[in-house]
Amino acid sequence: MKACHLRPTVLLALVLPGSWVAAEGLNHPFCATYQGSDLVAVLKAREARARQGVRAARSNTAAASVSRNGDVAMLVDQGDLILRANPLDLQGKGLEFQPGYSVSRVDRPLGPDGATLALGDDDSREVPLPFAFPFFGKSYDKAFVNSDGNVTFGLADDASTARTLARLVSGPPRVAALLADLDPSKSGRVTTTSRADAFSVKWTEVPQFDVPDKNTFEITLFPDGRITFSYDALNLSSTMEEAAVGIAAGGGAEGLQTTDLSTAAAVSFSGATGESFRSETSLDLTAVARSFYSQFGDDYQQLIVFTNRSYIPRSQSAFAFESTIRNSISGMGIGTFDNGSEFGSPLTLESMVLMDSYFKYSASPTDLVLREETTMSVLAHEVGHRWLATARFSDGGVSSTELLGRQQAHWSFYMHSSGSHDEGNDIEDLGGGQFKTGGASKRYGPLDQYLMGLRPSEEVPPFFVIRNAMADGVQSAERAPASNVSIKGIRKDVTVSDVIAAMGPRAPAPSPNPPAWRVAFLYVTEGDSNDGTALARVESIRSQFEAYFPLSTEGRLSIETRLK
């Protein structure tokens with residue numbers, strides 16, 4: 001699943017029925033799609049099934065929970081589509097990880113505070129270790145202490161992406177006593193104690209971001225490869241917005257063993273072990289897809305999901321997101337993979353979109369629902385994430401990410417993307433290093449269409465990105481697209497040949513007459529008295545999008561949204 005969000009510095013306000021807008025700000029709730037988030041839904045669901053054995057036998061829900069309402073499929077939760085909250089339950093407890101590897105509950109008292117590390121929010125510091133620490137077949141004499149309750153080896157991790165099991169197992173090798181959105185810049189402290197026989201990192205009374213709580217816990221590494229976690233009995237919140245605990249060899253989910261850490265007793269694992277914690281319910285997209293396929297054939301490339309209430313955790317601060325399920329296309333900037341079996345689709349499903357609560361969206365095609373975005377453009381943004389936006393370009397033989405903005409999965413605010421649905425801007429060059437943005441989210445631009453397989457490379461005109469850019473007195477490639485913004489900077493021209501030089505040609509090559517993109521619209525409810533209203537709105541959005549999508553591709557791709 002791709003997953004895109006940044007921690008917000010703004011609030012959403014409901015100003016008109018069905019219409020949402022965001023206050024001005026650089027960090028903008030919109031889309032929870034980011035590079036590396038493709039695993040999140042899969043690992044959440046695996047863990048839930050491991051925790052609740054009864055669900056493992058219920059790979060498909062009962063037929064009665066799925067019904068057809070015109071061309072919208074309605075799924076009624078029967079206790080199998082929702083991932084329930086899992087409060088943190090390690091207060092006053094401890095864990096020991098033995099090389100080999102296994103994990104057991106071994107309670108160990110917290111040590112005293114040591115030397116203070118100056119860590120800010122989403123920050124990291126490299127520190128020397130007093131011994132060579134063996135970890136998953138390698139030895140390390142340095143480690144990165146990350147403010148978000150974890151230690152990594154080889155690379156720092158100061159990202160603001162979701163603190164999930166997918167985050168724990170991805171990236172560098174990691175030891176995470178509490179991978180959560182912690183902010184030592186507000187209060188508390190992070191300290192280290194270095195001895196010949198042990199190295200400890202302690203988080204003392206560190207709060208979650210924008211939460212007035214206190215969290216005290218400790219990681220200790222030993223020369224023989226043992227690792228212990230210790231947790232305070234009182235200063236440790238049970239209501240983590242989102243968190244993960246465990247250790248991982250890094251690089252992916254292979255070998256992950258999920259477990260209830262509060263009762264673990266010599267649980268063996270090969271590549272990683274862990275447990276996720278959250279204070280809110282969320283939607284199990286794998287269960288939603290399997291439920292849908294219990295009544296419908298494997299005929300859809302994308303499933304678009306609306307719900308009767310919001311299921312995107314507040315910690316993600318997101319409006320909607322896309323999850324890529326399988327990819328066999330090269331030259332777009334993402335690898336090939338296939339998680340279709342997790343979602344009940346052995347052959348066809350490539351992507352799922354969670355639009356979240358139907359109440360966020362308007363049936364009117366002109367109503368703004370988020371800044372300068374309409375319902376149609378928000379939906380086009382998420383649908384477009386199946387192919388967009390992770391492209392790099394070759395700059396003097398070096399692969400550059402300057403085209404990318406928020407979470408490296410959207411176009412940069414300073415990229416002339418011809419008003420792409422997936423951000424960037426439609427930028428006019430006024431000359432003399434002066435630029436101005438036009439309308440936001442107008443269409444899929446020429447580069448978008450190439451990456452989507454709709455436009456041959458020779459029909460993609462040169463475009464540009466602005467270097468050393470300044471807009472409204474600040475520099476931020478990650479800000480939301482906006483019209484009528486003045487920018488100062490230096491123009492850097494880019495061609496599709498530069499993109500191909502960095503990523504290779506798109507394969508399969510773009511086709512002049514591609515078949516229609518097949519999607520299904522789903523409505524998921526826990527049982528709501530307004531289901532009739534919701535279904536009518538989702539149906540209206542579905543029928544409008546059938547006309548809107550081809551226009552956005554400039555007639556190069558049609559879409560089929562009717563249920564078979």
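The values are calculated or read from the model by the stated rules, or taken from the named source; none is laboratory data. Everything numeric in this text was worked out from a predicted model, so none of it was measured. Here the Cβ is made from the backbone with ideal geometry for all residues, glycine too, and neighbour counts use every protein chain on show.
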Report summary line: Cβ pairs under 8 Å, 6+ apart or interchain, first in region 241-267 and assigned by TED's automatic domain parsing to the domain that holds LEU182, second acidic (Asp, Glu) and part of a strand (DSSP E or B), ordered by first then second residue, are ALA244/GLU275; VAL245/GLU275; GLY246/GLU275; THR258/GLU275; THR259/GLU275; ASP260/GLU275; LEU261/GLU275
Report task. Name the residue, out of ALA176, ALA166, that is modelled with pLDDT under 95, closer than 24 Å to GLU280 by Cα and in the same structural domain as ALA243 (by TED's automatic domain parsing). Result -> ALA166
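Conditions tested, residue by residue: (1) touching a helix residue (DSSP H, G or I) at 6+ places or on another chain (Cβ under 9 Å); (2) in a strand (DSSP E or B); (3) closer than 27 Å to ALA507 by Cβ.
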{"site": "PHE413", "(1), (2), (3)": "yes, yes, no"}
{"site": "ASP429", "(1), (2), (3)": "no, yes, no"}
{"site": "PHE435", "(1), (2), (3)": "no, yes, no"}
{"site": "ALA440", "(1), (2), (3)": "yes, no, no"}
{"site": "GLN449", "(1), (2), (3)": "yes, no, yes"}
{"site": "ARG467", "(1), (2), (3)": "no, yes, no"}
{"site": "SER476", "(1), (2), (3)": "no, no, no"}
{"site": "PRO481", "(1), (2), (3)": "no, no, no"}
{"site": "LYS488", "(1), (2), (3)": "no, yes, no"}
**Report entry** Qualifying residue in region 117-128 (condition: in the same structural domain as SER268 (by TED's automatic domain parsing), assigned to a loop (DSSP other than H, G, I, E, B) and within 26 Å of PHE269 (Cβ to Cβ))
**Finding:** no
Query - Test set (1) over 30 Å from THR286 (Cα atoms); (2) in contact (Cβ under 8 Å) with a residue 40 or more places away in the chain - SER160 fails condition number - result: (1)
Report summary line: Those residues of region 262-288 which are of a type in the set (S, T, N, Q) and either surrounded by fewer than 17 Cβ atoms within 10 Å (Cβ to Cβ) or under 26 Å from ASP107 (Cβ atoms) (or both) amount to SER262, THR263, SER268, SER270, THR273, SER276, SER279, THR281
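For every residue, the table says whether it meets (1) under 23 Å from VAL169 (Cα atoms); (2) aliphatic (A, V, I, L, M); (3) not in a loop (DSSP other than H, G, I, E, B).
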| residue | (1), (2), (3) |
| --- | --- |
| LYS186 | no, no, no |
| SER194 | no, no, yes |
| THR220 | yes, no, yes |
| ASP224 | yes, no, no |
| GLY246 | yes, no, yes |
Query raised in the report: Among the residues of region 314-363, which ones are in a helix (DSSP H, G or I), of a type in the set (Phe, Trp, Tyr) and crowded, with 21+ Cβ neighbours inside 10 Å?
Result: PHE343, TYR358
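Quick check on ASP141: is it part of a loop (DSSP other than H, G, I, E, B) and under 21 Å from THR228 (Cβ atoms)?
no
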Query raised in the report: GLU546 versus (1) in a loop (DSSP other than H, G, I, E, B); (2) surrounded by 15 or more Cβ atoms within 10 Å (Cβ to Cβ); (3) of a type outside the set (A, V, I, L, M): which is the lone unmet condition?
Result: (1)
Requested in this report: Would you check if SER418 is of a type in the set (Gly, Ala, Ser), in a loop (DSSP other than H, G, I, E, B) and in contact with a Gly (Cβ under 8 Å, 6 or more places away or on another chain)?
Outcome: yes
**Report entry** Some residue of region 151-159 being modelled with pLDDT under 95, under 29 Å from the mean Cα position of the chain (by Cα) and within 22 Å of TYR311 (Cβ to Cβ)
**Finding:** no
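Does region 161-173 hold any residues that are of a type outside the set (Lys, Arg) and either closer than 12 Å to GLY246 by Cα or under 10 Å from the mean Cα position of the chain (by Cα) (or both), and which are they? Write out each step before concluding.
If we filter region 161-173 for residues that are of a type outside the set (Lys, Arg), which is where we start, we get 161-162, 164-166, 168-173.
Within region 161-173, THR161, ALA162, THR164, LEU165, ALA166, LEU168, VAL169, PRO173 qualify.
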Report task. Starting from region 544-564, take each residue that is without any contact (Cβ under 8 Å) to a residue 12 or more places away in the chain and over 16 Å from PRO510 (Cβ atoms) and list its partners that are in a loop (DSSP other than H, G, I, E, B) and not β-branched (Val, Ile, Thr), counting only C-beta distances under 6 angstrom and pairs at least six apart or across chains. Result -> PRO550/SER558
Report task. Please enumerate the residues belonging to region 274-313 that are in a strand (DSSP E or B) and within 18 Å of ALA534 (Cβ to Cβ). Result -> LEU283, LEU303, ILE304, VAL305, PHE306, THR307
Query raised in the report: In this structure, does PRO172 turn out to be surrounded by fewer than 23 Cβ atoms within 10 Å (Cβ to Cβ) and within 18 Å of TYR101 (Cβ to Cβ)?
Result: yes
Query raised in the report: Where residues in region 407-439 are over 20 Å from ARG491 (Cβ atoms) and out of contact with any His (no Cβ under 8 Å at 6 or more places or on another chain), which of them is surrounded by the fewest Cβ atoms within 10 Å (Cβ to Cβ)?
Result: GLY439
**Report entry** Test: ARG125 is surrounded by fewer than 20 Cβ atoms within 10 Å (Cβ to Cβ), out of contact with any Pro (no Cβ under 8 Å at 6 or more places or on another chain), closer than 18 Å to THR263 by Cβ and among the basic types (Lys, Arg)
**Finding:** no
Query raised in the report: Has region 364-375 got any residue that is in a helix (DSSP H, G or I), touching a helix residue (DSSP H, G or I) at 6+ places or on another chain (Cβ under 8 Å), not assigned by TED's automatic domain parsing to the domain that holds ARG479 and not charged (D, E, K, R)?
Result: yes
Report summary line: Checked against (1) at pLDDT 95 or above; (2) more than 27 Å from the chain's Cα centre (by Cα); (3) outside the structural domain of ALA409 (by TED's automatic domain parsing), VAL485 satisfies every condition except (3)
Report summary line: Checked region 464-490 for anything under 18 Å from SER399 (Cα atoms) and out of contact with any Gly (no Cβ under 8 Å at 6 or more places or on another chain); matches are PHE464, VAL465
Query raised in the report: Within the group ARG518, ARG506, which residue is in contact with an Asp or Glu (Cβ under 9 Å, 6 or more places away or on another chain) and touching a residue at least 40 places away in the same chain (Cβ under 8 Å)?
Result: ARG518
Report task. Can you confirm whether region 61-71 contains a residue that is farther than 20 Å from ASP260 by Cα, touching a Ser or Thr at 6+ places or on another chain (Cβ under 7 Å), at pLDDT 95 or above and not aromatic (Phe, Trp, Tyr)? Result -> yes
Query raised in the report: Which of the residues belonging to region 254-268 are assigned to a loop (DSSP other than H, G, I, E, B) and under 17 Å from ALA177 (Cβ atoms)?
Result: THR259, ASP260, ALA264
